[in-house]
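Structure record follows, encoded as structure tokens.
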Amino acid sequence: MGKGIKKTNAARLLDELGIRYELTQFEADEADLSAEAAARAVGMPYDQVYKTLVARGDKTGVLEVCLPAGTELDLKALAHASGNKSVALVPLKELQPLTGYIRGGCSPLGGKKEYPVYIHDGVASHEQIAINAGARGLLFIIAPSDLLKATGGKLAPIAKQSALETQ
């Protein structure tokens with residue numbers, strides 16, 4: 001682990017589980033907290049840098065969702081995968097009370113409470129991905145199989161190309 005990088009709850013959880021990871025730090029831009037900006041900052045392809053979103057299903061309640069930069073959440077696909085009729089992203093004001101994390105620093109690991117995690121199935125095609133480690137400007141580099149193991153996550157085709165990325 002690099003000098004001066006403070007361990008987050010998410011990193012401590014991976015340590016407890018004996019899961020290997022690397023932490024990489026970058027200067028987060030408050031004006032652009034997107035996964036795309038994080039990918040550019042660490043020099044990784046968009047499809048290997050995953051963002052974590054928080055949604056709520058009409059039947060199952062809160063869900064955490066991990067999908068690659070340059071994509072957006074397919075709400076219908078998530079509803080289908082999670083056994084809900086409908087799913088919506090939670091309002092930003094609910095993010096911290098639900099997870100303990102702030103926008104731009106949300107991780108599927110080490111939050112206030114464990115929620116079901118759905119990870120875009122394209123993750124399986126990579127040896128390693130980057131995902132938020134629980135603080136702005138801090139990413140885990142981790143094997144997708146280890147992320148699935150740590151989160152108890154389920155793979156599902158929940159991402160669609162972002163309209164911004166196709167222009």
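The values are calculated or read from the model by the stated rules, or taken from the named source; none is laboratory data. Bear in mind that the values here come from a model prediction, so they are computed numbers and not experimental data. When we count neighbours, we look across all protein chains shown, and the Cβ atoms used for this are built from the backbone with ideal geometry, even at glycine.
Regarding the stretch 126-133, can at least one residue be identified that is within 23 Å of GLN96 (Cα to Cα) and in contact with a Phe, Trp or Tyr (Cβ under 6 Å, 6 or more places away or on another chain)? Spell out how you get there, then give the answer.
Keep residues of the stretch 126-133 that are within 23 Å of GLN96 (Cα to Cα), which gives 130-133.
Retained after the next criterion (residues that are in contact with a Phe, Trp or Tyr (Cβ under 6 Å, 6 or more places away or on another chain)): 131, 133.
Within the stretch 126-133, one or more residues are within 23 Å of GLN96 (Cα to Cα) and in contact with a Phe, Trp or Tyr (Cβ under 6 Å, 6 or more places away or on another chain).
Among the numbered conditions (1) buried (at least 16 other Cβ atoms within 10 Å of the Cβ); (2) under 17 Å from the mean Cα position of the chain (by Cα); (3) modelled with pLDDT of 95 or more, tell me where ASN9 comes up short.
(3)
Tell me, please, whether a residue that is free of Cβ contacts under 8 Å to residues at least 24 places away in the same chain and touching a Ser or Thr at 6+ places or on another chain (Cβ under 6 Å) can be found in the stretch 125-141.
no
Across the stretch 101-127, what is the total count of residues that are within 14 Å of the chain's Cα centre (by Cα) and either surrounded by fewer than 22 Cβ atoms within 10 Å (Cβ to Cβ) or over 19 Å from ASP32 (Cα atoms) (or both)? It would help to see each step written out before you state the result.
Residues of the stretch 101-127 within 14 Å of the chain's Cα centre (by Cα): 101-111, 114-123.
Okay, now just the ones that are also either surrounded by fewer than 22 Cβ atoms within 10 Å (Cβ to Cβ) or over 19 Å from ASP32 (Cα atoms) (or both), so 102-104, 108-111, 114-123.
Matching residues across the stretch 101-127 total 17.
For the stretch 72-167, which strands (runs of 3 or more DSSP E) that fit wholly inside it have 1 or more residues that are farther than 21 Å from LYS6 by Cβ, in contact with a Cys (Cβ under 8 Å, 6 or more places away or on another chain) and among the aromatic types (Phe, Trp, Tyr)? Before you say what the answer is, go through the steps one by one.
Values: elements: 87-89, 117-120, 129-135, 138-142, 154-156, 159-161.
Filter on the stretch 72-167 gives 117-120.
Return the total of residues in the stretch 31-60 being in contact (Cβ under 8 Å) with a residue 24 or more places away in the chain and not in a helix (DSSP H, G or I).
So the answer is 15.
Going by the conditions given, is ALA77 within 21 Å of SER162 (Cα to Cα), out of contact with any helix residue (DSSP H, G or I) (no Cβ under 7 Å at 6 or more places or on another chain) and surrounded by 17 or more Cβ atoms within 10 Å (Cβ to Cβ)? First the steps, then the outcome.
Details: within 21 Å of SER162 (Cα to Cα): yes; out of contact with any helix residue (DSSP H, G or I) (no Cβ under 7 Å at 6 or more places or on another chain): yes; surrounded by 17 or more Cβ atoms within 10 Å (Cβ to Cβ): yes.
Judged against the criteria, ALA77 is a match.
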